[in-house]
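The values are calculated or read from the model by the stated rules, or taken from the named source; none is laboratory data. All values reported here derive from a predicted model rather than from experimental measurement. Methodologically, a virtual Cβ is constructed for each residue, glycine included, from the backbone with ideal geometry; neighbour enumeration extends over all protein chains shown.
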Amino acid sequence: MFKRPKKTITCQPKCGVCPKGRTAASGPYTAGVMEHFSKPHNYGKIKNPDGVGKVGNLICGDVMWLYIKVAKNKDKKDIIKDIKFETFGCVAAIATSSAITDLAKGKTLEEAIAIDKREIVQSLGGLPPIKLHCSVLAADALAEAIYDYYTKQKRPIPAALEEKHQRIKKEKDIVEEKYKDWTQKEEEIHNKQ
Ligand code: FES
């Protein structure tokens with residue numbers, strides 16, 4: 001069981017991610033990564049979500065669930081009103097999951113679909129190159145949650161989102177087959193929470 005760092009300090013330069021207590025950079029990770037890892041934003045489930053995205057990482061087998069609640073803004077456009085995540089993954093996976101919830105909240109669905117891993121990594125002040133693959137989980141989970149929402153609403157799926165979904169689904173099937181015992185245990189733990 002990992003121990004999360006408790007000590008917060010004012011870091012220089014400020015990462016621009018967190019309004020108050022800032023966590024020091026640690027080892028290969030920036031202060032932004034450590035802040036989101038030690039105090040993840042929007043962690044948990046949403047009751048009766050409008051869309052759910054579940055994705056698996058091909059490289060390591062880590063899994064993430066992302067939930068969205070959708071509402072209309074004053075221009076009558078669909079926006080992400082609420083968003084939460086549960087991630088069974090590493091420091092970078094948890095930090096990028098937390099970061100994407102901040103980036104997506106309040107955005108229209110079109111804007112949210114456009115959030116890519118580069119933007120997520122940038123918002124954290126960077127990731128070690130060996131951990132860049134972890135940021136894919138968050139971007140894919142958001143796309144899947146929006147795909148799920150469109151499907152449930154019987155709305156036409158934009159071509160780029162359909163293409164993304166097909167790629168993600170293929171990868172998820174591989175992960176679930178390759179890491180069968182592991183992903184089944186994760187599913188059990190997830191369902192108990
Ligand atoms: S090592 Fe699996 S997502 Fe980071």
Quiz item: Taking the stretch 29-61 as the region of interest, how many residues are under 14 Å from Ile168 (Cβ atoms), in contact with a Leu (Cβ under 7 Å, 6 or more places away or on another chain) and either within 14 Å of the ligand (Cβ to nearest atom) or among the basic types (Lys, Arg) (or both)?
Solution: 2
Quiz item: What tally of residues in the stretch 40-82 results from selecting those that are among the charged types (D, E, K, R), in a loop (DSSP other than H, G, I, E, B) and without any contact (Cβ under 8 Å) to a residue 40 or more places away in the chain?
Solution: 5
Quiz item: Restricting attention to the stretch 115-136, does a residue exist that is modelled with pLDDT under 90, within 13 Å of Lys54 (Cα to Cα) and within 16 Å of the ligand (Cβ to nearest atom)?
Solution: yes
Quiz prompt | Residues that are of a type in the set (Asp, Glu) and either assigned to a helix (DSSP H, G or I) or touching a residue at least 24 places away in the same chain (Cβ under 8 Å) (or both), drawn from the stretch 98-116 | solution = Asp102, Glu110, Glu111
Quiz item: Hey, does the stretch 145-162 have a residue that's within 16 Å of the ligand (Cβ to nearest atom) and out of contact with any His (no Cβ under 6 Å at 6 or more places or on another chain)?
Solution: no
